[in-house]
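Asks: Mind having a look at this structure? Questions to follow.
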Amino acid sequence: MAIDSEVLVVGGGLAGITAAIAAAREGADVRLVSHKASTLRQASGLIDALGYLPATQPAKPLREGPPTAGRNLDPDEWPDPEGPLSDPFEAIDRLPEDHPYRLVGADALREGLDLFDDLVGDAYLGGHTDRNALVPTFGGSVKPTARYPEAAAAAVASDDRPALIVGFRSLTEYDARAFADRLRAAGVPFDVAGVEVEFAEAFRADAKTTRFAKALDRDEAIDGTPAREALAKAVGPHLHDVVDDEGGVDRVERVGFPAFLGDDRSAEVRSDLADRLGADVFEVPMGPPSLPGLRLEDLLYDALDDAGVRFETGTPAVGYETDGDGRIDHLVMDRKGSKVPYGAEAVVLATGGLVGKGLDSDRGGVREPVLDLHVPQPSDRYEWFVDDAFGEQPYARFGVRPDDRLRPLDAVGEIAYDNVRVAGGVVGGADVAREKSASGVSLATGLVAGREAAREVQQ
């Protein structure tokens, strides 16, 4: 028996969620299916729009002068094009014509970010301006980003107050001293030092990130001392460790921790630690498992509920049927070993790119596996890449090419299926990793794809 809906969204990442909510807000009956857990939990939780133009690299320091020069970073002074963009909207007209932003327009990015702001409320900042913020990340880089968690607010590089970065000896994958060194090498306009402290050593063999977070949520006792108090006591003696041109600072005013300061009660944990330390507390976005990503996933799936979208995971697409008139009639989904048809009047494909397995590759080429959509690519595999390992690799831009309404095109440029829209990483034309544009592309194309799908239903 078929499971029917007006709009079927395939993919549970940021693009799929955006498309589903946009379609629901247009009045459509929407179902979202994904074959695995959302990739949001693997991401930093930062929402990038456009940080760098193509054919540029973030090679230059953020400022000239020694690391201790210490001044505010005025966005008008950001190096361009070699360095990060201060205004992603201003740069869209300089992107290649086949870039997703050129297809859907700057207004789609703006409206996508507005929708995101509405969905997450005060959990994220940055919506007050079109300009990017620069936020330090786990690798020691400073990332241009359009929206950032409130937990990272005190970390932005435009704040010239000295910062102490805290690490833990039991978390060997996170070296706070090396992190601080990399920030200085990047030329951040503030004095910074890193310190490793002992805290909760008993968690070493446990699932550390989530275990730390839950312990701080509950403020559970560690060797007889409440967790938050124990952490503050471990960090307190190091509040004078930052050194400036004159040999020291009186006391740091902000302290950064790996992003595990609570899960359900993260704001409470940070506030408590700030009171105990007498300094602002911020989190440094980390790699997977990412608590900022998990928190964002919770917010967005709550928003799906609020919008009346039905959703399910663990349901991969394994086939499809057409109606013989240029339209998809239904997708065949593997539902616990049973092949079940999911019918829809319109389909949004938001399955991700090469990394997210929305595109498959082998020696024969690159293909889109759900609907067998055309993926433009050079026939000569040597044209897929360049010899410079750090150069712009052509394969990073592979993906389905749509029209300006995000309908996928076939090999001769004709619309493949009238009732299909594509969104997010499966759309070609952008090297989102280099451009720092993955979230923005997902929001802009997801918004347009969702609206277009809903309007398809209403015709």
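Asks: Does GLY319 satisfy being over 23 Å from the mean Cα position of the chain (by Cα) and either small (Gly, Ala, Ser) or part of a loop (DSSP other than H, G, I, E, B) (or both)?
Replies: yes
Asks: Test ASP181 against the criterion of being within 20 Å of the chain's Cα centre (by Cα) and surrounded by fewer than 18 Cβ atoms within 10 Å (Cβ to Cβ), and give yes or no.
Replies: Against the criterion (within 20 Å of the chain's Cα centre (by Cα) and surrounded by fewer than 18 Cβ atoms within 10 Å (Cβ to Cβ)), ASP181 does not qualify.
Asks: List the number of the failed condition for PHE116; all other conditions in (1) in a helix (DSSP H, G or I); (2) farther than 15 Å from LEU443 by Cβ; (3) in contact with a strand residue (DSSP E or B) (Cβ under 7 Å, 6 or more places away or on another chain) hold.
Replies: (2)
Asks: Taking PRO289 as meeting all but one of (1) within 19 Å of LEU14 (Cβ to Cβ); (2) touching a Gly at 6+ places or on another chain (Cβ under 7 Å), write down the number of the exception.
Replies: Of the numbered conditions (1) within 19 Å of LEU14 (Cβ to Cβ); (2) touching a Gly at 6+ places or on another chain (Cβ under 7 Å), the odd one out for PRO289 is (2).
Asks: Sort through PHE138, PHE190 and tell me the only one that's closer than 21 Å to LEU239 by Cβ, hydrophobic (A, V, I, L, M, F, W, C) and either assigned to a loop (DSSP other than H, G, I, E, B) or touching a residue at least 40 places away in the same chain (Cβ under 8 Å) (or both).
Replies: Of the residues listed, the single one that is closer than 21 Å to LEU239 by Cβ, hydrophobic (A, V, I, L, M, F, W, C) and either assigned to a loop (DSSP other than H, G, I, E, B) or touching a residue at least 40 places away in the same chain (Cβ under 8 Å) (or both) is PHE190.
Asks: For the range 388-425, enumerate the residues that are part of a loop (DSSP other than H, G, I, E, B), touching a His at 6+ places or on another chain (Cβ under 9 Å) and in contact (Cβ under 8 Å) with a residue 40 or more places away in the chain.
Replies: Within the range 388-425, ARG401, ALA416 qualify.
Asks: Keeping to the range 342-378, report how many residues are part of a loop (DSSP other than H, G, I, E, B), within 24 Å of THR315 (Cβ to Cβ) and over 22 Å from the mean Cα position of the chain (by Cα).
Replies: Summing the residues that are part of a loop (DSSP other than H, G, I, E, B), within 24 Å of THR315 (Cβ to Cβ) and over 22 Å from the mean Cα position of the chain (by Cα) in the range 342-378 gives 7.
Asks: If you don't mind, there's one more thing I want to ask. Could you list, in sequence order, all residues of the range 223-241 that are assigned to a helix (DSSP H, G or I) and over 33 Å from the mean Cα position of the chain (by Cα)?
Replies: If the condition is that a residue be assigned to a helix (DSSP H, G or I) and over 33 Å from the mean Cα position of the chain (by Cα), then LYS233, PRO237 are the ones that fit.
Asks: Could you list, in sequence order, all residues of the range 63-105 that are modelled with pLDDT under 95 and basic (Lys, Arg)?
Replies: Scanning the range 63-105 gives ARG63, ARG71, ARG94.
Asks: Return a yes/no flag: does the range 278-289 have any residue that is free of Cβ contacts under 8 Å to residues at least 40 places away in the same chain and either at positive phi or in contact with a Ser or Thr (Cβ under 8 Å, 6 or more places away or on another chain) (or both).
Replies: yes
Asks: Only one residue in PHE199, PHE203, PHE257, PHE212 is closer than 25 Å to LEU294 by Cβ, modelled with pLDDT of 90 or more and either surrounded by 14 or more Cβ atoms within 10 Å (Cβ to Cβ) or touching a Ser or Thr at 6+ places or on another chain (Cβ under 6 Å) (or both), so which one is that?
Replies: Testing whether each residue is closer than 25 Å to LEU294 by Cβ, modelled with pLDDT of 90 or more and either surrounded by 14 or more Cβ atoms within 10 Å (Cβ to Cβ) or touching a Ser or Thr at 6+ places or on another chain (Cβ under 6 Å) (or both) leaves just PHE257.
Asks: Among what's in the range 1-52 and is modelled with pLDDT under 95 and in a helix (DSSP H, G or I), pick the residue that is surrounded by the most Cβ atoms within 10 Å (Cβ to Cβ).
Replies: LEU40
Asks: For GLU268, all conditions in the list (1) part of a helix (DSSP H, G or I); (2) under 17 Å from the mean Cα position of the chain (by Cα); (3) surrounded by fewer than 22 Cβ atoms within 10 Å (Cβ to Cβ) hold save one; what is the number of the exception?
Replies: Among (1) part of a helix (DSSP H, G or I); (2) under 17 Å from the mean Cα position of the chain (by Cα); (3) surrounded by fewer than 22 Cβ atoms within 10 Å (Cβ to Cβ), GLU268 violates only (2).
Asks: Then there's this: Could we say that THR129 is without any contact (Cβ under 8 Å) to a residue 60 or more places away in the chain and among the polar types (S, T, N, Q) here?
Replies: Judged against the criteria, THR129 is a match.
Asks: Here's a follow-up. So, in the range 352-384, of the ones that are in contact with an Asp or Glu (Cβ under 8 Å, 6 or more places away or on another chain) and touching a residue at least 60 places away in the same chain (Cβ under 8 Å), which residue ends up surrounded by the most Cβ atoms within 10 Å (Cβ to Cβ)?
Replies: GLY358
Asks: Taking the range 281-304 only, how many residues are under 22 Å from ALA178 (Cα atoms) and surrounded by fewer than 21 Cβ atoms within 10 Å (Cβ to Cβ)?
Replies: Summing the residues that are under 22 Å from ALA178 (Cα atoms) and surrounded by fewer than 21 Cβ atoms within 10 Å (Cβ to Cβ) in the range 281-304 gives 3.
Asks: Would you confirm whether any residue within the range 424-440 is of a type in the set (Asp, Glu) and crowded, with 22+ Cβ neighbours inside 10 Å? Write out each step before concluding.
Replies: Quick first cut of the range 424-440, residues of a type in the set (Asp, Glu) only: 431, 435.
Those left that are additionally crowded, with 22+ Cβ neighbours inside 10 Å: 435.
There is at least one residue in the range 424-440 that is of a type in the set (Asp, Glu) and crowded, with 22+ Cβ neighbours inside 10 Å.
The values are calculated or read from the model by the stated rules, or taken from the named source; none is laboratory data. No experiment lies behind these values; they were computed from the predicted model shown. Neighbour counts run over all protein chains shown; Cβ positions are idealised from the backbone, glycine included.
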